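Here the structure comes first, spelled out in structure tokens, and everything after it is commentary.
The values are calculated or read from the model by the stated rules, or taken from the named source; none is laboratory data. Here the structure is a predicted model, which is why all the values come from computation and not from measurement. So basically every Cβ, Gly included, is an ideal-geometry build from the backbone, and we count neighbours across all protein chains shown.
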């Protein structure tokens with residue numbers, strides 16, 4: 001029995017099998033459509049980001065030109081209020097390969113003194129969890145959940161058909177080894193699916209010019225997907241060897257798919273949701289809002305001491321020598337105090353999120369689908385941690401803006417054009 005002969009036999013069988021060929025073409029069409037949808041969403045995000053940055057640049061230029069018509073330098077507190085500050089998360093070039101959590105999290109945010117990283121425009125799933133159900137079917141979904149079914153369709157009748165027709169012994173006489181004969185035929189479909197998936201990954205990488213800059217992520221993603229297909233392939237191959245008849249093989253294969261793709265990940269996430277319910281996060285925010293309302297009722301002296309808890313060095317500024325807050329600075333003082341309260345509440349939310357993530361990660365040894373899905377999203381920067389880093393970046397810009405508003409105002413700082421440009425750099429506002 002020559003390897004090439006059996007391999008060529010299976011190739012010809014695949015071409016002649018109308019059902020297998022049509023199923024494969026439908027899968028290809030679904031993959032192309034899902035990647036097209038990914039490109040469409042990516043382009044929409046880029047267009048929105050470009051419009052934001054263009055508008056931001058216009059506002060920056062208006063304020064820059066404003067300095068040309070002034071004979072005296074304006075106060076810092078006035079100029080800082082006119083700086084258009086945004087946090088932006090640009091989609092990865094590999095974005096079309098997996099939307100991940102991109103539809104549940106915001107990718108741009110206008111940062112005001114009253115912003116927080118858990119506003120509704122940042123984490124819509126807190127207010128609208130039903131959006132998790134209505135997400136688009138992307139390429140990662142097709143590969144992780146539907147490709148194993150395609151592999152079942154291709155391979156369930158390998159050996160099973162011969163057993164049903166009762167000429168398996170003839171195959172054994174002609175080929176010498178049933179195991180090797182099954183392996184070669186099975187390998188054809190395994191290679192077909194692996195090469196198909198790799199082809200789509202490389203095609204997207206080339207279309208988005210990501211081959212050089214994202215070679216590490218592309219290589220890791222290809223290795224991950226190939227390992228995932230081989231994982232199911234090995235299980236299905238063993239089922240074929242240990243079972244008798246096409247219907248029995250198909251039933252066992254579908255049972256394995258249901259177990260690994262539906263039952264285990266669904267059970268893990270259900271238990272995780274029970275142990276770490278979403279309402280804990282809204283409880284933290286509700287409690288924080290109540291404390292926020294109380295801050296507005298505080299007298300100026302109390303606000304002053306609370307502000308010193310946030311910025312101890314503020315005591316060394318010019319206006320702090322009076323041990324009170326100038327009425328002009330009250331708004332900025334309150335927003336800084338509220339921001340500090342928000343950060344403490346959000347820290348609890350992030351801790352709960354991390355505990356939940358650790359719980360899910362602990363299941364990876366028997367929950368490979370969740371592992372593959374989370375790893376996939378991490379390579380494409382659409383996982384939880386990519387958006388957590390984005391929230392951290394927004395918080396850093398907000399902290400800097402509030403710090404400048406308070407310290408520059410309390411030091412009675414005036415602003416030149418050069419100082420204004422320094423503010424833009426501090427607040428990550430592009431000058432290009």
When residues of segment 213-247 are filtered for being assigned to a loop (DSSP other than H, G, I, E, B) and within 19 Å of residue 151 (Cβ to Cβ), how many remain?
2
Any residue that is more than 15 Å from the chain's Cα centre (by Cα) and at positive phi - is there at least one of those in segment 386-406?
no
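Here's the yes/no breakdown for (1) crowded, with 18+ Cβ neighbours inside 10 Å; (2) at pLDDT below 90; (3) within 21 Å of residue 201 (Cα to Cα):
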{"position": "27", "(1), (2), (3)": "yes, no, yes"}
{"position": "66", "(1), (2), (3)": "no, yes, no"}
{"position": "93", "(1), (2), (3)": "yes, no, yes"}
{"position": "101", "(1), (2), (3)": "no, yes, yes"}
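Answer yes or no as to whether residue 400 is surrounded by fewer than 19 Cβ atoms within 10 Å (Cβ to Cβ), without any contact (Cβ under 8 Å) to a residue 60 or more places away in the chain and in the same structural domain as residue 63 (by TED's automatic domain parsing).
Against the criterion (surrounded by fewer than 19 Cβ atoms within 10 Å (Cβ to Cβ), without any contact (Cβ under 8 Å) to a residue 60 or more places away in the chain and in the same structural domain as residue 63 (by TED's automatic domain parsing)), residue 400 qualifies.
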Within segment 371-385, is there a residue that is assigned to a loop (DSSP other than H, G, I, E, B) and over 27 Å from residue 101 (Cβ atoms)?
no
Scan segment 206-221 and report the pairs whose first residue is at positive phi and whose second residue is surrounded by 15 or more Cβ atoms within 10 Å (Cβ to Cβ), with Cβ atoms within less than 9 Å and a gap of 6+ or a chain change.
209/93
Identify, please: which residue in segment 189-205 is crowded, with 20+ Cβ neighbours inside 10 Å and over 19 Å from residue 36 (Cβ atoms) and is, among those, nearest to the chain's Cα centre (by Cα)?
193
With respect to residue 15, is the statement that it is within 30 Å of residue 143 (Cα to Cα), loosely packed, with under 13 Cβ neighbours inside 10 Å, free of Cβ contacts under 8 Å to residues at least 24 places away in the same chain and assigned by TED's automatic domain parsing to the domain that holds residue 417 true?
no
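Condition check: modelled with pLDDT of 90 or more and either part of a loop (DSSP other than H, G, I, E, B) or under 30 Å from residue 226 (Cα atoms) (or both). Does residue 432 satisfy that?
On the way: modelled with pLDDT of 90 or more: no; either part of a loop (DSSP other than H, G, I, E, B) or under 30 Å from residue 226 (Cα atoms) (or both): yes.
Judged against the criteria, residue 432 is not a match.
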Among the residues of segment 104-117 satisfying the criterion of being assigned to a loop (DSSP other than H, G, I, E, B) and in contact (Cβ under 8 Å) with a residue 60 or more places away in the chain, which is farthest from residue 337 (Cα to Cα)?
107
How many residues are in a helix (DSSP H, G or I) and out of contact with any helix residue (DSSP H, G or I) (no Cβ under 7 Å at 6 or more places or on another chain) when one looks only at segment 197-210?
5
When residue 47 is run through (1) at pLDDT below 85; (2) exposed (fewer than 14 other Cβ atoms within 10 Å of the Cβ); (3) closer than 30 Å to residue 420 by Cβ, the failure sits at (1)
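For segment 106-128, name all the residues that are over 19 Å from residue 348 (Cα atoms) and either modelled with pLDDT of 85 or more or touching a strand residue (DSSP E or B) at 6+ places or on another chain (Cβ under 9 Å) (or both). Write out each step before concluding.
Our first condition is that a residue be over 19 Å from residue 348 (Cα atoms); within segment 106-128, this holds for 106-114, 121, 128.
Correct list: 106, 107, 108, 109, 110, 111, 112, 113, 114, 121.
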